[in-house]
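All remarks here apply to the structure that follows.
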Amino acid sequence: MRCTTARKHISLDMDGRLTQDEAAALVAHLAACAECRREREAMGQAWTALGALPEITSTPDDWRAIAARLEGRRGMSGWLNGGWSWLEELWFAAPRRWALATVMSACVLAGVAAGARMSRELAPQPPLEALALAEAFGEFPAAGWIAVEGSGAR
Amino acid sequence: MARVAQGDLLAWRTLYERQRDYVFRAALRFMGNEADARDVVQDVFVSLFSRAGSFRTSGKLTTYLWRVVANRCLNERARARNRAEAPASGVAGLESVAAPEERAPDRQLEHREVREQVQRAILALPERQRLAVILSRYEGLSYEEIASALECSVSSVESLLFRARQGLAKALSPR
């Protein structure tokens, strides 16, 4: 085993990550290589020394700051998403889905019908003079309207 | 997490109370000072709760949480570098939240010097090596869990820990 491989295996061995064969090969190499033995000792001591850091026993409670940030995010996105959330919730409530679809279809049909009626009511009416002529002579001007002189109709 | 995804504030608070200790511990060891560690903790939980809807129930929460912690720690260090801030170099940030000493005063001083040397050695490590050491040595995560947190392969974790151990051995060797 080469020293470069042995040193990597020293690190793996510290975490129990070597197979039996690999561990045996490492032991054999360390028995013959003083430099790698020193490396193993130094790595082991350094890893143990990490335990000198104090145990952290107290955690600050920053919940209020976190909640304030979350409320800020919800407020900003609420008017973008929240306005339609009731519709989304209603749609995905399965038992109501068919009822909702029926109501929406009825609304669309009612809207179309109302629109058609309004378009007839709002359609441009012939001027009063033309209506009077039609009543008098029994016919309605076919193309356009007759402009009666002095009536102001065009 | 389902209640968290629905924006249940009480669920959020409960999750925060259960998870904040180890998140703060890891952030403090990585950042080296309490103020930066608290910023990281807040970022972690705001990020977690904001994205709770995309959390897949088949995944492990702690696995996901460690990934968020690792990302936030690395991002915070990157921001500090951009602000040209020097990393914390001592244990001063740990004293206020550490267990009280139970040694004679002269031993306390000696021990404090050792702790400062260790803290400096950890903070001198490259950031991904530092994270790997913290997650392995202090939080007891396996190589696979560290790989998931750092979003890398297990062989990358092996390499990170190997290089970290070499760096620590060099920094802490007696002169």
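Throughout, read-outs are computed from the coordinates displayed, never taken from laboratory work. Note that the structure is a prediction, hence the values are computed from the model and not measured. As a convention, Cβ positions derive from the backbone with ideal geometry for all residues, glycine included, and neighbour counts pool all protein chains shown.
Structure data summary
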| quantity | calculated |
| --- | --- |
| Loop-located GluC sites (Glu not before Pro) in region B:122-175 whose Cβ has at most 14 other Cβ within 10 Å (DSSP) | B:Glu151 |
| Calculated FRET value between A:Ala23 and B:Thr63, using beta carbons and R₀ = 35 Å, to 0.05 | 0.75 |
| Set of region B:155-175 residues, backbone N closer than 20 Å to the point 7 Å along the Cα-Cβ line of A:Arg38 | B:163-175 |
| Within region B:20-44, backbone nitrogen closer than 20 Å to the virtual label 7 Å beyond the Cα of A:Ser58 toward Cβ | B:20-42 |
| Integer Hz, Karplus 6.51/-1.76/1.60 couplings in order for region A:62-73, x for Gly and Pro | 10, 4, 4, 5, 5, 4, 5, 5, 5, 5, x, 5 |
